[in-house]
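What follows is a single structure, written as structure tokens, with notes after it.
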Amino acid sequence: MTAVGPNTEALLTRRRNAVPRGPFHVTELFAARARGSRLIDADGQEYIDFTGGIGVQNLGHVPERVAAAIHAQVDQLMHSCFHVVMYEPYVALAEALNRITPGDFAKKTLLVNSGAEANENAVKIARVYTGRTGIIAFDHSFHGRTLLGMTLTGKTVPYKQGMGPFAPEVYHAPYPYPYHAPKGMTPAEYGRWCLERLELLMQTETSPDNVAAVIIEPVLGEGGFVVPPDGFLPGLQALCRRHGILLIADEIQTGFGRTGHLFASEHFGITPDLITLGKSLAAGMPLTAVVGRAEVMDAPSPGSLGGTYGGNPVACAAALAVIETFEKEPVLEQARHIGDVVARRFAAFRERFPIVGDARGVGPMQALELVTDRATRAPATAQAGAIMHECLEQGLLVMKAGMHNQVIRTLMPLTIREEDLERGLDILEAAITKVAGQT
Ligand SMILES: Cc1ncc(COP(=O)(O)O)c(C=O)c1O
């Protein structure tokens, strides 16, 4: 890890003594303050931020409109509990999310506190509505760290190891991962093969009339920014409709402009029955949502959904300001521009560096998969770590992803200034050159 300054060193010691090992850290830095795409640590070091607090700062750190809305709301009401005395910002946010999410049908919205909790609630709602218990999730997926969240998650280490037994009636199907498609299969064939495996799963492990819902990330987030082949998600939606199974899109990482659309479902032309949202929804306030067909959302009886803090008014005010920003400012246009710039640079990296096996993504949700050997596509885990470390040394915060931590992903603010974007990409290119050499 980077040699840290004295303030950071002191904080690290306090952290080690007071906080368990479980919460992981991408860096050993402590943030003092941040604005836009820049973050300053406890020793005054400045960094360009390509992580956005894991995809939470799509509007940049401390976006003005959102900060002002938070300040205004704090002076009015910080908490009354929606279950005790209701307040308008919850209802206004539900109305806004019902309006802006894909699907030309009546919708309702439940607000909760974390991505895991949103996915838990989507499953509860789907089970009550369908009267079925089975849930199908996917390999490589990430849906959170609660019992059901980690049960849904399709990756054992570090999320699930030693944490069982897991919740029953959850099955995993293969997620089409084009870079690792079986030899000789085109992406389209691979997508169809994965759908056939899912159908088979419903004959070997459960049955279609036992399955309440299929939950899927339209683009894998923690799994490595894997983009499914064209036709896979529409095919999945058709399969679900054929069997009366609800389709849940986990857009917690892909939502709010990360793919250059407000929601990734729009990119793939699907209209999920339920969508879970989080991360950039409220620019850092702990707020997440389940948005879905009104009749589905209304299935659970009063008292079965909610919680003390769900839909906190300050967080709702922040989310309303986030939505207003997307509606009033050309954020999506900017997102697509960033996506083009990063995709172009990453394609050039792939040409230049043998270690870059794959460069992929949708809009600004771009990634590099690093391999030790282009023929075997074996993961270059250590090199990915070394590249990240070198980036940090040079003032760029960047994150990994993927089953083997072999993928470098970009979660920069969609409002990043052109010079920070180019400078960050230059640092990344220099880091790859230093660690892995070039052709
Ligand atoms: C797609 C996806 N779903 C769920 C989660 C879990 O969200 P949280 O950490 O807020 O529980 C995440 C977090 O990274 C995520 O990326």
Of everything in the range 113-153 that's part of a loop (DSSP other than H, G, I, E, B) and more than 10 Å from the ligand (Cβ to nearest atom), which residue is nearest to the chain's Cα centre (by Cα)? His140
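Conditions (1) assigned to a helix (DSSP H, G or I); (2) in contact (Cβ under 8 Å) with a residue 24 or more places away in the chain; (3) on the phi < 0 side of the Ramachandran plot, marked per residue:
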| residue | (1), (2), (3) |
| --- | --- |
| Ala167 | no, no, yes |
| Lys183 | no, no, yes |
| Gln203 | yes, no, yes |
| Val214 | no, yes, yes |
| Gly224 | no, yes, no |
| Pro228 | no, yes, yes |
| Gln237 | yes, yes, yes |
| Arg241 | yes, no, yes |
Condition test on Pro174, is it touching a residue at least 12 places away in the same chain (Cβ under 8 Å), within 18 Å of the chain's Cα centre (by Cα) and away from the ligand (no atom under 12 Å from the Cβ)? no
Any residue at all in the range 149-157 that is in contact with a strand residue (DSSP E or B) (Cβ under 6 Å, 6 or more places away or on another chain) and charged (D, E, K, R)? no
Before we move on, is Arg258 in contact with a strand residue (DSSP E or B) (Cβ under 9 Å, 6 or more places away or on another chain) and within 23 Å of Glu64 (Cβ to Cβ)? yes
Here are the criteria: (1) in a loop (DSSP other than H, G, I, E, B); (2) in contact (Cβ under 8 Å) with a residue 12 or more places away in the chain; (3) more than 16 Å from the ligand (Cβ to nearest atom). Tell me which single one Leu198 does not satisfy. (1)
Restricting the range 305-334 to residues that are part of a helix (DSSP H, G or I) and among the acidic types (Asp, Glu), which is surrounded by the most Cβ atoms within 10 Å (Cβ to Cβ)? Glu324
Filter result for the condition that a residue is buried (at least 17 other Cβ atoms within 10 Å of the Cβ) and closer than 24 Å to Ile270 by Cβ, over Gly284, Gly363: Gly363
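Could you go through the range 7-28 and let me know if any residue there is within 20 Å of the chain's Cα centre (by Cα) and surrounded by 15 or more Cβ atoms within 10 Å (Cβ to Cβ). Talk me through it step by step, then tell me what you get.
So the first thing to find is which residues in the range 7-28 are within 20 Å of the chain's Cα centre (by Cα), and the list is 23-27.
Still in the list and also surrounded by 15 or more Cβ atoms within 10 Å (Cβ to Cβ): 27.
Yes; the residues of the range 7-28 include at least one that is within 20 Å of the chain's Cα centre (by Cα) and surrounded by 15 or more Cβ atoms within 10 Å (Cβ to Cβ).
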Can you name the residue in the range 217-262 that is under 18 Å from Leu368 (Cα atoms) and of a type in the set (S, T, N, Q) and is also farthest from the ligand (Cβ to nearest atom) among such residues? Thr259
What strands (runs of 3 or more DSSP E), lying completely within the range 1-112, carry at least 2 residues that are over 30 Å from Val296 (Cβ atoms)? 31-35, 38-41, 46-49
Of (1) assigned to a helix (DSSP H, G or I); (2) over 22 Å from the mean Cα position of the chain (by Cα); (3) free of Cβ contacts under 8 Å to residues at least 24 places away in the same chain, His337 fails just (2)
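Each value in this text was obtained by applying a stated rule to the coordinates, not by laboratory testing. Predicted, not measured: the structure shown is a model, and the values here were computed from it. Cβ atoms come from the backbone with ideal geometry, glycine included; neighbour counts cover every protein chain shown.
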